[in-house]
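Asker: Let me give you the structure first, and then I'll get to my questions.
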Amino acid sequence: MAGVLSQEEIDALLNAIESDGIEAAPLEAALMNQIRDYDFRTANRFNKEHIRTLKVIYDTFARLFSSYLSGTLRAMCTAEVVSVEETKYAEFVNALPSPLILAVVRMPPMVGSILLELSPDLSYAIISRLLGGTPDKESVSRGFTEIELVLLERIMRQFLPLFGESWEKVVAITTTLDRLETSPQFAQIVAMNETVAIISISVKLDNAEGTFSICLPHLALEPINQQLSTKFLYQTDVHRDIESAYEDIQKRIQMTPLDVSASFNETFAPVRDILNLQRGDVISLDHHITQPVTVRVGHLPKFKADIGVKDNRYAAKIVEIIQKEDASDE
């Protein structure tokens, strides 16, 4: 909690009281750092439920993203959601470094575009790893070449489906990359005073560290506002899991291959006769010509059928369904 003093601050206060000299300046400075301006004329567009749901969604994305980078770049990678905050689009744009990578992405059924921001440190670390180098801790301030932009665009297109996987518990979305930009002035997706949610993800790649930010305008989320609830999220999750599992099991059962065979009644013969069989010998079966054969599914008898011919091939026409299995066949 922000209003609770740490043990070090309590000890400092007690020592100051004993020495009759409390220094208020450091405490006031610490409190001033925690104070933020609030405009009562503009209420929050994202409530706490929306923020919690976005946190759950992008926690899932962070795990998928770290696994993707680890497998693609063959390097140890970790990703963690640092914050989910509501702010103005102008404040977000003004805080962006330069140069940087901005991806304009469409995610129907969301309206308009979403903005993805890769910090320069993370972008250069990915490029260095793709080209066989080692990510460096030192930041680079130069611009991006055409080859580097092509490489980053390919990486972007490959991990965009991860957004669909992370959002599937809330709503089914499809992702499309419109373009890459290196300057915020060419990637303005909403008005400067529009409210947006900023999801900041800290990414560590070998020795390098950078941030990956997602800018979600409130206007884009309006069609799915009702789904952005943790209660709805977990309720639909259980229902969808059960429904999808049932459909999956049903499809697997319907497509499962089974061995089907038609056989005559068993015929017994001594071993001596079996050993003396020669080409041209006739075996008398214990099966009458008018009696139907038994059709087995696997090892279980299921049908009675008549033997015939169809399209120059032997065929069995089902004439009876065996309702009860013979105890000897179980």
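Asker: Which one of these is part of a helix (DSSP H, G or I), touching a helix residue (DSSP H, G or I) at 6+ places or on another chain (Cβ under 6 Å) and closer than 20 Å to Ala187 by Cα: Val111, Val150, Val93? Even if it seems obvious, please write down each step before you answer.
Answerer: On the way: Val111 fails: part of a helix (DSSP H, G or I); Val150 fails: touching a helix residue (DSSP H, G or I) at 6+ places or on another chain (Cβ under 6 Å).
Testing whether each residue is part of a helix (DSSP H, G or I), touching a helix residue (DSSP H, G or I) at 6+ places or on another chain (Cβ under 6 Å) and closer than 20 Å to Ala187 by Cα leaves just Val93.
Asker: Check region 136-146 and report whether any residue there is in contact (Cβ under 8 Å) with a residue 60 or more places away in the chain and not aliphatic (A, V, I, L, M). Please lay out each step first, then the result.
Answerer: Let us first name the residues in region 136-146 that are in contact (Cβ under 8 Å) with a residue 60 or more places away in the chain, namely 136-137.
Still in the running and not aliphatic (A, V, I, L, M): 136-137.
So far as region 136-146 goes, yes, one or more of its residues are in contact (Cβ under 8 Å) with a residue 60 or more places away in the chain and not aliphatic (A, V, I, L, M).
Asker: Please indicate, with yes or no, whether at least one residue in region 193-215 is farther than 24 Å from Phe92 by Cα and assigned to a strand (DSSP E or B). Don't jump to the end; show me each part of the working.
Answerer: Within region 193-215, the first condition is being farther than 24 Å from Phe92 by Cα, and the residues that meet it are 205-207.
With assigned to a strand (DSSP E or B) added as a condition, the list becomes 205.
The answer is yes; a qualifying residue exists.
Asker: Does Ser123 meet the test of being polar (S, T, N, Q) and surrounded by 21 or more Cβ atoms within 10 Å (Cβ to Cβ)?
Answerer: Working: polar (S, T, N, Q): yes; surrounded by 21 or more Cβ atoms within 10 Å (Cβ to Cβ): yes.
When the stated conditions are applied, Ser123 passes them.
Every number in this text was worked out from the coordinates using simple rules, so none of it is lab data. The structure presented is a predicted model; accordingly, all values stated were derived computationally and were not measured. A quick note on method: Cβ atoms are made from the backbone with ideal geometry, for glycine too, and the neighbour counts reach across all protein chains shown.
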